[in-house]
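Notes follow the structure.
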Amino acid sequence: MNIYIEDTIRAAAPGLTVMAVEADVKNAPTPDALWDLICRTAADIAAVTTLPDINKRPAIEATRRVYKALGKEPNRYRPSAEALTRRVVKGMDLYRIDTLVDLINLVSLQSGYSIGGFDMDKIDGDTLRLGAGAEGEPFEAIGRGSLNIACMPVYRDLTGGIGTPTSDNERTKLTLSTRRLLMTVNIYGEEMPPADTLALITSLLETYASATNITVKYIRP
């Protein structure tokens, strides 16, 4: 998959690195071993983090800064890593979805990066363009219905938007039938070193999703 960063994002996020990870996978209901790891990670974060601490995490703070630069209010449309961390710190249960989705959420919690997860067989074309959402642009967010993505970073294929740091689109979402995975790790500001993030992703994919043919590309403005 080719990824092109448009000028609006280049101007708002000159330090951006997109880590694009592709893999052949076998998705399944989340195994207990992975869920136990997620729960332990959540408990560890909750034990040392307060709500005011969350926005001070370098990756989350940088993502919020880009939202503001584009004209989006991050307190109304929180990046997914921030929303996940807030849920954990407030003592709320995480949703148990499936192996790939929960694996991505685990990486997001540990790294602070908002991560897109897409079924590559549902993407229209072989190129994604990362730009800013337009007023009135349709976007059916997973589990939340129509989402106002105006002034929000958005990946688009030939049909339209498929992913933002706040939510991905129903059209290209991961399901139990997913066999080809694309993950976009949106590093607006570095927290976990990219090499460590990739090592974590690779280990989790191989251990829990029988991943093969894992490849990575780094895309920068």
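The values are calculated or read from the model by the stated rules, or taken from the named source; none is laboratory data. Bear in mind that the values here come from a model prediction, so they are computed numbers and not experimental data. No Cβ is skipped: glycine too gets one built from the backbone with ideal geometry, and neighbour counts run over all protein chains shown. Note: accessible area is taken over every heavy atom of the protein model, side chains too, but ligands, DNA and RNA are not part of it. Shrake-Rupley method; radii C 1.70, N 1.55, O 1.52, S 1.80 Å.
Observations, loosely collected:
Residues are listed down the side, and each one gets a yes or a no for (1) closer than 17 Å to Ile60 by Cα; (2) in contact with a strand residue (DSSP E or B) (Cβ under 7 Å, 6 or more places away or on another chain):
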{"site": "Leu109", "(1), (2)": "yes, no"}
{"site": "Gly112", "(1), (2)": "yes, no"}
{"site": "Phe139", "(1), (2)": "no, yes"}
{"site": "Thr159", "(1), (2)": "no, no"}
{"site": "Thr166", "(1), (2)": "yes, no"}
{"site": "Arg179", "(1), (2)": "no, yes"}
{"site": "Asp196", "(1), (2)": "no, no"}
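- Yes/no for Ala33 being of a type in the set (Gly, Ala, Ser), under 20 Å from the mean Cα position of the chain (by Cα) and open to solvent by less than 60 Å² (accessible area, probe 1.4 Å): no
So that you can scan it fast, the table gives a plain yes or no per residue for (1) in a loop (DSSP other than H, G, I, E, B); (2) among the hydrophobic types (A, V, I, L, M, F, W, C); (3) open to solvent by 50 Å² or more (accessible area, probe 1.4 Å):
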residue: Asn148; (1), (2), (3): yes, no, yes
residue: Val154; (1), (2), (3): no, yes, no
residue: Pro165; (1), (2), (3): yes, no, no
residue: Thr178; (1), (2), (3): yes, no, no
residue: Leu181; (1), (2), (3): no, yes, no
residue: Gly189; (1), (2), (3): yes, no, no
residue: Met192; (1), (2), (3): yes, yes, no
residue: Leu198; (1), (2), (3): no, yes, no
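Listed here are the residues, each with its yes/no results for (1) under 19 Å from Thr166 (Cβ atoms); (2) acidic (Asp, Glu); (3) surrounded by 14 or more Cβ atoms within 10 Å (Cβ to Cβ).
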residue	(1), (2), (3)
Ala12	yes, no, yes
Ala43	no, no, no
Lys56	no, no, no
Ala59	yes, no, yes
Asp93	no, yes, no
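- A single member of Tyr67, Tyr113 is in contact with a helix residue (DSSP H, G or I) (Cβ under 7 Å, 6 or more places away or on another chain), more than 21 Å from Thr175 (Cβ to Cβ) and open to solvent by less than 20 Å² (accessible area, probe 1.4 Å), and it is Tyr113.
- Among residues of the range 45-54, those that are part of a helix (DSSP H, G or I) and open to solvent by 30 Å² or more (accessible area, probe 1.4 Å), counted: 6
- Exclusive hit being surrounded by 18 or more Cβ atoms within 10 Å (Cβ to Cβ), more than 27 Å from Lys26 (Cα to Cα), in contact (Cβ under 8 Å) with a residue 12 or more places away in the chain and not aromatic (Phe, Trp, Tyr), set Val101, Val107, Val88: Val88
- Test result for Val25, surrounded by 20 or more Cβ atoms within 10 Å (Cβ to Cβ) and over 30 Å from Arg129 (Cα atoms): no
- Matching residues, the range 126-144, being in a strand (DSSP E or B) and open to solvent by 20 Å² or more (accessible area, probe 1.4 Å): Thr127, Arg129, Ala132, Glu140
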